[in-house]
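A short write-up of the structure that comes next.
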Amino acid sequence: MRRTISSLIPLVVAGCSFGFSSPGLLSKETRTVAVPSCLNDTADPTLTLLVTQAVNQAMVSRLSLRSATEEQADIVVRCRVVRYEPDAPTSILGNPAAAGTAAQVTVLRREVEMTVELQVVEQKTGHILWDGRSIGMLPGQYDPGREGDGKQRALDLLVKKLIDGVHSSW
């Protein structure tokens, strides 16, 4: 028994020198991130703050980076909201028109459609580490009167695509 324990000690000590990491994680030198205020080409001013906060929170919480000023950051994430359509019906129920009346249509489900361009840039070199300008339209379905739910779903999808893209590139 004593011999078994003493033979396991080198294995335990050797195991301590190894860490766990996901494939594609940032280099050891990358510790800080800046997410300047998102540019917004849409008519919805709330998207500037919502997208900026979602991107910053994702980089900090999911990639274990610290927020920094743009001048001090190792990487900078630039973002631009290029399109936002808040009211696309995705599920409708129609009743045929009776004589002399118009047909009735009830919208059961709507969708926001958001398009965001992202770039992750290494601050020292200006090298683009990940280019997310082609991530496509981000849908977010919601019940009528609950557009905020649709925005949140679109933001969640944006964050997923950002993190997946960053992991696949590094």
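The conditions are (1) open to solvent by 50 Å² or more (accessible area, probe 1.4 Å); (2) free of Cβ contacts under 8 Å to residues at least 40 places away in the same chain, and ASP87 fails exactly one of them. Which is it?
(2)
Residues checked against (1) more than 22 Å from VAL55 (Cα to Cα); (2) assigned to a strand (DSSP E or B):
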{"position": "ALA102", "(1), (2)": "yes, no"}
{"position": "LEU108", "(1), (2)": "yes, yes"}
{"position": "GLU113", "(1), (2)": "no, yes"}
{"position": "GLY148", "(1), (2)": "no, no"}
{"position": "ILE163", "(1), (2)": "no, no"}
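Quick one: in region 40-82, of everything that is in a strand (DSSP E or B) and open to solvent by 90 Å² or more (accessible area, probe 1.4 Å), which residue is nearest to PRO139 (Cα to Cα)?
Among those residues, the one meeting the criterion is ARG78.
Please go through region 136-155 and pick out each residue that is aliphatic (A, V, I, L, M), surrounded by 15 or more Cβ atoms within 10 Å (Cβ to Cβ) and at pLDDT below 95.
Residue satisfying the conditions is LEU138 alone.
What are the pairs with Cβ atoms under 7 angstrom where one residue, in region 33-49, is at pLDDT 95 or above and the other, located anywhere, is among the small types (Gly, Ala, Ser)? Sequence gap at least six, or different chains.
VAL33/SER67; VAL33/ALA68; VAL33/ALA73; ALA34/ALA68; ALA34/ALA73; THR48/SER37
Of the numbered conditions (1) touching a residue at least 24 places away in the same chain (Cβ under 8 Å); (2) aliphatic (A, V, I, L, M); (3) open to solvent by 80 Å² or more (accessible area, probe 1.4 Å), ILE92 satisfies every one except a single condition; which is it?
(1)
The values are calculated or read from the model by the stated rules, or taken from the named source; none is laboratory data. These numbers come from a predicted model, not from an experiment. Positions of Cβ are generated from backbone atoms using ideal geometry, with glycine treated the same way; all protein chains shown enter the neighbour counts. To get the accessible areas, we keep the full protein, side chains included, count just its heavy atoms, and leave off ligands, DNA and RNA. Shrake-Rupley method; radii C 1.70, N 1.55, O 1.52, S 1.80 Å.
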